[in-house]
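Enquirer: Below is one structure. I have some questions about it.
Just so you know, all these numbers are worked out from the coordinates, no wet-lab data involved. Just so we're clear, the structure is a prediction, and the values are computed from it rather than from any experiment. Using ideal geometry, Cβ is built from the backbone for each residue, glycine included, and neighbour counts are taken over all protein chains shown.
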Amino acid sequence: MNRSPRKTLLAAVAALAALAACSKEPAPPQPPQASPVEPASLKLAKEQAGAADTTPAAATSARTPWVRVRAAEGVSLLEAPATVLPAPEGVAAVTPPFRARITKISVRAGEKVAKGQVIAEVVMPEVVQAAGAYAAATTRLEAYQRRKDQLDGLKKDGLVKLSDLLEAETKLAEARADQQSALATLRAADLAAGDARRILDGSGQVGLRSPISGMVHEVKASIGETREAAGEPIARVAADGETRVEARLAYAPPPTAKFELILPDGTRHPVDLLGRAPVVDPRDGTTAAWFAGHNGGARLPAGLSARLAVKMGEAAAAVPARSVALDGKQAYVVRNVAGKPQRLPVQVLATSGADALVKGVEPGTEVAADAALAAAEEQP
């Protein structure tokens with residue numbers, strides 16, 4: 001009996017499905033999946049949470065971060081730019097007092113010189129003229145004085161006219177006046193009357209001398225160059241002097257503050273406050289203040305730029321600025337007393353960046369990092 005093609009096809013498909021099911025191997029059992037590894041920090045936090053106190057005070061303490069009060073001895077209140085000023089006797093400029101032509105330079109930069117040592121030689125036409133006028137006036141003065149002495153002798157015998165005597169006295173006074181005028185010019189050039197003859201007998205050169213003992217740190221001149229009295233100095237001499245520091249302070253430091261000058265290399269030198277300017281610079285709101293080396297201190301080079309550190313000089317405590325709050329006019333911090341917040345009045349001495357310097361709380365005490373938040377939690 002012949003089967004229909006449709007039945008034959010269905011039988012073949014069923015046979016193939018049975019064969020495929022028999023050929024499949026059973027899947028190996030899957031190992032149980034491990035739970036994710038819990039971080040050690042999270043595990044420790046859960047353990048601490050399980051062992052923590054659950055009292056209301058403990059709950060408040062958990063919400064209020066506590067910080068420890070630090071000792072403020074030596075804490076810098078602020079740092080201000082400072083400059084080492086030259087001592088009046090520590091810097092000198094060698095400049096001709098009149099128009100001068102340079103004929104000789106006697107020193108070079110880096111040489112040590114003594115006070116009064118010749119730095120350069122110059123010819124100053126005004127000084128040469130003054131030397132000549134002084135010599136001429138001296139000659140006339142001597143001649144008129146001799147004539148006056150003769151007339152005084154004849155006057156006793158009645159052999160001289162009064163007009164002749166008056167004329168001699170007038171010429172004598174004029175010569176004396178001319179002499180004094182020439183001498184004034186010589187003295188302006190740091191010369192004496194005896195130098196007038198030397199200038200005239202020589203080449204007219206005058207030595208410019210160092211006003212101080214020190215080291216020549218600059219020479220700017222050339223032979224034959226002409227310099228005006230108000231022009232650039234021929235040389236500059238510098239010497240060590242008493243340290244004087246100028247700084248710009250943003251506010252008045254506490255009366256007990258201490259000060260240190262911090263040099264660019266990190267070296268620190270204690271300095272003492274001499275005084276503050278009574279006016280405020282309108283450009284930046286700062287006030288100039290001047291300092292001297294403590295007990296003489298180190299002698300520093302003039303013009304050195306440094307920083308001035310203002311430090312507390314009395315027992316005080318340092319806390320975060322947010323740890324201080326105001327209740328009316330009274331400042332306070334919130335301290336931790338057996339896990340309970342408690343207000344403690346303090347006196348604010350100054351603020352320094354993110355810190356406040358206060359009196360009335362001991363270093364090591366735990367206070368709230370945010371006094372306003374702790375005070376709010378303290379309310380029922």
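Enquirer: On average, how much area does the Cα convex hull of the stretch 239-290 cover when viewed from any direction, in nm²?
Expert: In nm², the orientation-averaged hull projection of the stretch 239-290 is 4.9.
Enquirer: Are there any chymotrypsin sites (Phe, Trp or Tyr not before Pro) in the stretch 225-321 that are in a DSSP loop and have at most 16 other Cβ atoms within 10 Å? List them by number.
Expert: Of the chymotrypsin sites (Phe, Trp or Tyr not before Pro), the ones in loops of the stretch 225-321 whose Cβ has at most 16 other Cβ atoms within 10 Å are 251.
Enquirer: Translational D (Stokes-Einstein, µm²/s) of the stretch 75-127 at 20 °C and 1.002 mPa s when Rh comes from the Kirkwood sum over C-alpha pairs?
Expert: The calculation lands on 144 µm²/s.
Enquirer: Quick check: net charge around residue 216, other residues with Cβ under 14 Å of its Cβ, Lys/Arg +1 and Asp/Glu -1?
Expert: Net local charge, residue 216 excluded: +4.
Enquirer: Also, I was wondering about something else. Can you give me the distance in nm between label points at residue 115 and residue 68, each placed 7 Å from the Cα along the Cα-to-Cβ direction?
Expert: 5.9 nm
Enquirer: Just add up the charged neighbours of residue 335: K/R +1, D/E -1, any other residue whose Cβ is under 11 Å from the Cβ of residue 335.
Expert: +1
Enquirer: Using the Cα gyration tensor of the stretch 99-256, with a ≥ b ≥ c the square roots of its eigenvalues, what is the shape: rounded (a/c below 1.5), prolate (a/b larger than b/c) or oblate (neither)?
Expert: Here the stretch 99-256 falls in the prolate category.
Enquirer: Still on this structure, I have one more. Hey, how many Å between the Cα centroid of the stretch 166-229 and the Cα centroid of the stretch 260-281?
Expert: Spelled out, the Cα-based centre of one part sits 44 Å from the other.
Enquirer: Simple spin-label model, 7 Å along Cα-to-Cβ: residue 265 to residue 321 in nm?
Expert: 3.6 nm
Enquirer: Using the Cβ atoms and a cut-off under 10 Å, what net charge is assigned to the surroundings of residue 259, where Lys and Arg are +1 and Asp and Glu are -1?
Expert: Spelling it out: positives minus negatives among the neighbours equals 0.
Enquirer: About its Cα centre, what dipole magnitude does the stretch 190-242 give when the only charges are +1 on Lys and Arg Cβ and -1 on Asp and Glu Cβ, stated in debye to the nearest 20?
Expert: 200 debye
Enquirer: Which semi-axis lengths, in whole Å and largest first, follow from the square roots of five times the eigenvalues of the Cα gyration tensor of the stretch 317-371?
Expert: 16, 12, 10
Enquirer: When the convex hull of the C-alpha atoms of the stretch 221-327 is computed, what volume per residue in Å³ does it have?
Expert: Measuring per residue, one finds 206 Å³ for the Cα hull of the stretch 221-327.
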